[in-house]
Amino acid sequence: MAYPKYALAVDWLLGRKVIQILGSDIRFPDLAIGIVFVLFFYGTALTVYRLYFSPLAGFPGPKLAAATEWYEFYYQLVRDGQWGNKVEKLHEKYDSHHLSVSHDLHRQRRKNIETFFSKQNVNRFEDIIARKVKLLDDQFERLKGTGSIVHVNHAFTALTGDIIGHVACGAHPGLVDDPDFSPGCALMTYEMGREYIKKTKQRIQQKNLDSNQSKLSVFHHLLTSNIPESEKSTSRLQAEAMVILIAGTFTSAHILTMIVYHALSDPSIERCLREELKVTMSSYPTRTPRVADLEGIPYLQACIKEALRLYGLIGNLPRCSPDVALQYKQWTIPRNTPVGMSIYYMHTNPDVWPEPRKFMPTRWLGQYNPQMDRHFVPFTKGSRSCLGMNLAMAELYLTTAILFRQDGPKLSLSETDESDVRFVRDFVMGFPRHDSHGVRVSVD
């Protein structure tokens, strides 16, 4: 006797035993229809649960977004990185607010390397950073008057790639030596990272490095520390290398590019920068100021903070409360529920920053709204703050000061306008229109 149509799916849903019918009596079309029926039932039940019975059902927002992750998928991939822009519009429509959570959970892996990136330890790398920037400055000098067009984002990617390659791996990629400023992404490939770590292990074993030598790079530091051997495996360290190299290259280069664009597009900004740097940079290159000296220059600091405010990370950074539920107004957020907020939208809150999307360094000078400091989180805060923020700040201060000193290279924008820095696509960092060639300059 043939098994009735749809009976397989119905019996499965009712919990009946149907194993005996998985023989010649069942036909593939009937099985396929049964599977479709089950998936439809499951999807419908899940949607109803999410919309009406989930602890998160009461939160404001579009019902379609609450029902399915395909909503975010559509805006992020089909619409080419528009999820961040959509979230901003949803905040405006639903008048939603920001919730910040203090996390006490510290990961062991972070503890292993956070001392290496401490401000005190990063101070030891200032001379290395300054030498790399001097190489970039020399390249600009060689291009002076040649009519060559420099892609600033490429130049700064080469610079920061050289710096993080040295700091993380003790390597000397030589990316700034390339007159075309090739970003040299080969530095970050899996195999190169694997081979470097293998060779470092061998050198450490052969030389029996002491505690001072272990400070040569992040991975010397890790391999000579007392962390478990499982944390020193090649695959484990190679994964760490990818994160450090990528994060340490592109983010700082992006901020430097934006500082250059705004300084060159507004003569008053460039003029103020060069004027304030006149005394501190007067002995360069015979003497390079320390970062601590540069941090005391108000307008330089203001330009860097304004660039960090407007051009940091765009994508949401999810955080969870692992142990307890959180109460926010009338809503309860269950434990282990990811809660995310875009730093960019925190940094463009008009209640804190008037004219929030305008690059205006003067907003940081004199007496300003103390809420600006409270809401200024370019590296996030707390136990999950950016490990490399001290290194990044050293790069920003030294590079900006050297390039915008009184006798520094005279740069002019070339076929570049505001649309080349205005982000319209969200891929963690903001990206401009598809056909943008980035920020380009000539050296006069």
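Read the figures in this text as sums done on the coordinates, not as results from a lab. Just so you know, these numbers come straight off a predicted model, no measurement behind them. A quick note on method: Cβ atoms are made from the backbone with ideal geometry, for glycine too, and the neighbour counts reach across all protein chains shown.
Values computed for the structure shown
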quantity	calculated
Packing-based order for 303-309, 143-149, using average beta carbon neighbours within 10 Å, highest first	303-309, 143-149
Note, ³J(HN,Hα) from phi for region 307-315, Karplus 6.51, -1.76, 1.60, rounded to Hz, x at Gly and Pro	5, 5, 5, 8, 10, x, 6, 9, x
Estimated distance in nm for a label pair at Gln202 and Arg131, the labels positioned 7 Å out from Cα along Cα-to-Cβ	2.5
Relative packing of peptides 167-175, 280-288 - highest average C-beta neighbours within 10 Å first	167-175, 280-288
Rough spin-label spacing in nm, given labels placed 7 Å along Cα→Cβ, for Asp435 and Glu295	4.6
Cβ-Cβ FRET estimate between Arg287 and Gln367, R0 fixed at 45 Å, reported to 0.05	0.85
Two-site label geometry, Arg142 and Met242: point separation in nm, points 7 Å out along Cα→Cβ	3.4
